[in-house]
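Each remark here refers to the structure printed beneath this line.
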Amino acid sequence: MNNEVKTLKKSFTMAILSLLLLLVIATGATYAWFTLTGITSTNVTPMGGTVGSGDTVLLISNAQGGPFDKTCELKLAANPDTLKPVSTADLEHFYRVTAQNKEGIAMLYESADRQIDERVLHGTVYLQCKNAPCDVYFNKEGLKLGSDPQALAAMRLGLVITSKSGTETFFFKLDDLGSTGSATSVKTIPRSSAVVSSISGSGAANYVDDPAKELSGYMAGKGEHENEYNPGANKLVSLNADEVATVSYYLYLEGCDEQCSNAVQNKSSEIQLAFAGVDTKSE
């Protein structure tokens with residue numbers, strides 16, 4: 001009987017944890033990259049698509065075969081207790097610093113690929129344009145990734161979108177989602193506006209320009225009527241009628257960012273991605 005009670009308690013605990021995202025945007029020691037412990041929980045809200053302009057309806061699912069609807073619950077590939085700083089130029093290979101000089105400048109790195117589930121929040125959803133072709137953008141009203149200035153300045157949202165036309169990788173800064181002018185800046189790498197693309201056998205970094213773009217250029221504009229959207233400056237992907245696109249998302253701390261410092265500690269984030277579809281005939 002005691003074993004049955006223990007089993008039921010364990011199942012109940014896992015069910016509760018599946019509804020919560022334990023997310024702390026890093027806990028620093030002396031400089032950026034070094035982390036201690038700390039947990040803050042926050043609800044994960046559904047991700048959503050929207051009714052777009054014209055005949056198309058943008059729907060979303062957490063399974064490639066559906067069912068598709070206007071919202072879906074997140075199924076995370078990883079649910080880390082904390083977001084810990086990493087650097088990446090392609091969302092395929094991630095790196096963490098292993099040594100800094102006395103000024104706090106990163107000197108050596110190692111691969112963090114095997115630690116991604118412990119450091120990065122990531123998962124996959126699927127988008128479908130029903131009835132007609134459409135271009136897909138972010139829906140500004142529904143997009144929520146927190147409000148803390150330091151966290152927004154240091155975090156990145158990465159997307160890998162695969163459709164019939166191919167695969168494209170996006171990196172986005174989150175400054176557009178809040179006022180980040182008060183965020184603290186600390187130099188942590190030898191140059192500015194760069195990320196780690198690879199490392200040598202000794203751990204020395206090869207830096208490339210930071211590929212992250214502003215979110216605002218990929219936002220759909222609100223139309224005159226409810227649930228109507230106008231095209232933004234840049235689209236995320238174009239889909240044929242009833243075509244399904246795979247969207248892999250990564251929320252992480254870019255450790256090379258000058259705002260990724262000790263000030264990014266014990267921050268919780270509200271996580272909700274939202275997309276809008278605009279009928280290509282209405283553009």
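Before moving on, here are some points about what is shown:
- For the listed residue pairs LYS140/LYS267; LYS235/LYS267; LYS84/LYS235; LYS187/LYS267, the alpha carbons are over 28 angstrom apart in LYS235/LYS267; LYS84/LYS235.
- Per residue accessible area in Å² of segment 140-283, where ligands, DNA and RNA are left out and the probe is 1.4 Å: 43
- Simple spin-label estimate for SER238 and GLU141 in nanometres, 7 Å along Cα-Cβ: 2.7
- Convex hull volume of the C-alpha atoms in segment 94-218, normalised per residue: 150 Å³.
- Amide hydrogen neighbours beyond the local backbone of SER198, cut-off 5 Å, H modeled: ASN206
- Under Karplus coefficients 6.51, -1.76 and 1.60, residue-wise ³J(HN,Hα) of segment 80-96 in Hz, glycine/proline x: x, 5, 9, 8, 10, x, 9, 9, 8, 10, 8, 6, 10, 10, 10, 9, 10
- Computed magnitude of the charge dipole of segment 234-274 (debye, nearest 20; Cβ of K, R +1, Cβ of D, E -1): 60
- Fraction of accessible area attributable to carbon and sulfur, segment 72-133 (%, probe 1.4 Å): 44
- Applied to segment 155-165, the Karplus parametrisation 6.51 cos²θ - 1.76 cosθ + 1.60 on θ = phi - 60° returns per-residue 3J(HN,Hα) values of 7, 10, 10, x, 10, 10, 10, 10, 9, 5, 7 Hz, with x for Gly and Pro.
- Segment 198-283 - percent of accessible surface contributed by carbon and sulfur, probe 1.4 Å: 40
- Close amide H contacts of LYS267 (hydrogens built in the peptide plane, cut-off under 5 Å, sequence separation of 5 or more or a different chain): ILE25, ALA26.
- Built amide H within the under 5 Å cut-off of SER261, gap 5+: none
The values are calculated or read from the model by the stated rules, or taken from the named source; none is laboratory data. The structure presented is a predicted model; accordingly, all values stated were derived computationally and were not measured. Neighbour counts are summed over all protein chains in view; Cβ atoms, including those assigned to glycine, are modelled from backbone coordinates with ideal geometry. For the accessible areas, the whole protein counts, side chains as well, though only heavy atoms, and no ligand, DNA or RNA atoms are used. Shrake-Rupley method; radii C 1.70, N 1.55, O 1.52, S 1.80 Å.
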